[in-house]
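Have a look at the structure below before the remarks.
Laboratory data are not the source of any read-out in this text; all were calculated from the coordinates shown. Note that the coordinates shown come from a computational prediction; the quantities given were computed from them, not determined experimentally. All Cβ positions, even for glycine, are placed from backbone atoms using ideal geometry, and neighbour counts span all protein chains on display.
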Amino acid sequence: MSEDYCCNNPSDAIIEQMALVDIRNMLQSLGKDIKSFPLPKIDNTYDDACGVPREIFEESNIESTEDDVALSESLNDEQKAVYDEILSAIDTNDGGLFFVDGPGGTGKTFLYRSLLAKIRSQNKIDVATATSRVVASIMPGGRIAHSCFKLPLTIDSGGCCSFTKQSGTVTLLRTTSLIIWDEASMIKKQAVEALDNSTRDIMDRPDLPFGGKTVVFGGDFT
């Protein structure tokens, strides 16, 4: 891992510290503490995240472009109605569950980018995912759903995501104001159920879908 920093950092001490920070962040994502291992101490001078879980640090540092911030002004009437309803649900304590259905070219990604830019402009956390890497890459900060939510490769009805309650993923999901999952029509229902079960558990709100989070699914059933 330290070799990744060799080109721009001639100091062995700096290279070691950057590698240690990376290792610490990976362990946090697994719900483990680097202090439990016989490794050198981290100097906070080289820790941009200052102990913040990697998932939160990365999401907090996604900057929306001016073009994305201005997208909401170009929404058509139907898009604007959905946009306003989703934002209204985020402001409530019980969240909301939405499905945006439409074939390619109907403006789903345009709507997602508008929502993400609005939430981030308010210094809130959101999570943008898709079932495939290609579609995930279209959204700013987009990630593959299986990786983001730690979904098991083999999953049965009634299952849960594979993250631990001490992991950075849990901190991210507890903090997020909005979850977007595009291409949800391509995923097995057990995967969606696993996220539902897990968020109900970590939010300690078993009676609310996704623990009271605002979740937007997108896809095309035609």
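Structure data summary
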read-out	value
In Hz, Karplus ³J(HN,Hα) per residue of the range 199-215 (6.51, -1.76, 1.60; θ = phi - 60°; x = Gly, Pro)	6, 4, 5, 6, 8, 6, 9, x, 8, 10, x, 6, x, x, 7, 8, 10
K35 versus Q122: modelled label distance in nm, points set 7 Å from Cα along the beta carbon direction	3.6 nm
Nearest 10 degrees, 0 to 90: helix 108-121 Cα axis against the chain principal axis	50 degrees
Order of T199, T164 - criterion: other Cβ atoms within 10 Å of each residue's Cβ, fewest first	T164, T199
Exposure proxy ranking, count of Cβ atoms within 10 Å, fewest first, for K41, K165, K80	K41, K165, K80
Rg followed by Dmax, in Å, when the chain is reduced to its Cα trace	18.9, 59
Helix-only CD estimate at 222 nm, as mean residue ellipticity for the chain, using -39500 (n - 2.57) per DSSP H run (n ≥ 4)	-11500 deg cm²/dmol
Quarter of Cα convex hull surface for the range 48-104, i.e. mean projection, nm²	6.4 nm²
Spread of Cα-to-Cα distances over 5 Å intervals beginning at zero, given as percent, for the range 73-145	3, 14, 25, 28, 21, 9, 1
For G96, residues with placed amide H under 5 Å, excluding near neighbours	T214, V215
Cβ-derived FRET efficiency at R0 25 Å, K188 paired with I62, nearest 0.05	0.30
Using alpha-carbon coordinates, inclination of helix 12-29 to the longest axis of the chain, degrees	40 degrees
Alpha-carbon spread of the range 113-222, three principal axes, descending order, Å	33, 33, 23
Nitroxide proxy distance, nm - points 7 Å out along Cα→Cβ at D201 and E73	4.6 nm
Extension reserve of the N93-F110 stretch, reckoned as 0.36 nm per residue once the Cα distance is removed	3.5 nm
Long-range HN-HN contacts of D182 with modeled amide H, under 5 Å	T129, A130, T131, G218
